[in-house]
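Let me begin by presenting the structure, written as structure tokens, before commenting on it.
Any read-out appearing in this document is the output of simple, stated calculations on the displayed coordinates, not a laboratory observation. Because the structure is a prediction, the values reported are computed rather than measured. Here Cβ is always computed from backbone atoms with ideal geometry, including for glycine, and neighbour counts include all displayed protein chains.
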Amino acid sequence: MVPTPEALQDILVEILAGAAGGSRDEWRAIVGPVTKVPVATNVRSNWAIAPRGTKSQLETVQAAVEIVRAEHPYVAK
């Protein structure tokens, strides 16, 4: 099943909160929304995020994104 952008954000937040600690609300604010992008501009995946946080938080988010993107390269909607 292909997740929606909202479901994909939930997956990222759940992984981050479980692996790195902190609250889901904190990680949701750091990750920000998942945006669907045209496949023509990024063949590997059709979603993107624009996280905001400290260098350490951004590195943690990037690691989670790579894991999630391997399993869910595309979002629906």
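Cβ contacts < 6 Å: first residue in contact (Cβ under 8 Å) with a residue 40 or more places away in the chain and more than 12 Å from Val65 (Cα to Cα), restricted to segment 1-20; second residue among the hydrophobic types (A, V, I, L, M, F, W, C) and surrounded by fewer than 16 Cβ atoms within 10 Å (Cβ to Cβ), any location; separation 6+ or different chain. Result?
Taking only residues 6 or more apart or on different chains, the pairs are Val2/Ala76; Thr4/Ala76.
When segment 34-51 is examined, which residues are found to be surrounded by 12 or more Cβ atoms within 10 Å (Cβ to Cβ) and assigned to a loop (DSSP other than H, G, I, E, B)?
So the first thing to find is which residues in segment 34-51 are surrounded by 12 or more Cβ atoms within 10 Å (Cβ to Cβ), and the list is 34-37, 39, 42, 45-49, 51.
Matches in segment 34-51: Val34, Val37, Asn42, Ser45, Asn46, Ile49, Pro51.
Of (1) under 9 Å from the mean Cα position of the chain (by Cα); (2) in a loop (DSSP other than H, G, I, E, B), Lys77 satisfies all except one. Which?
Only one criterion in (1) under 9 Å from the mean Cα position of the chain (by Cα); (2) in a loop (DSSP other than H, G, I, E, B) is unmet by Lys77, namely (1).
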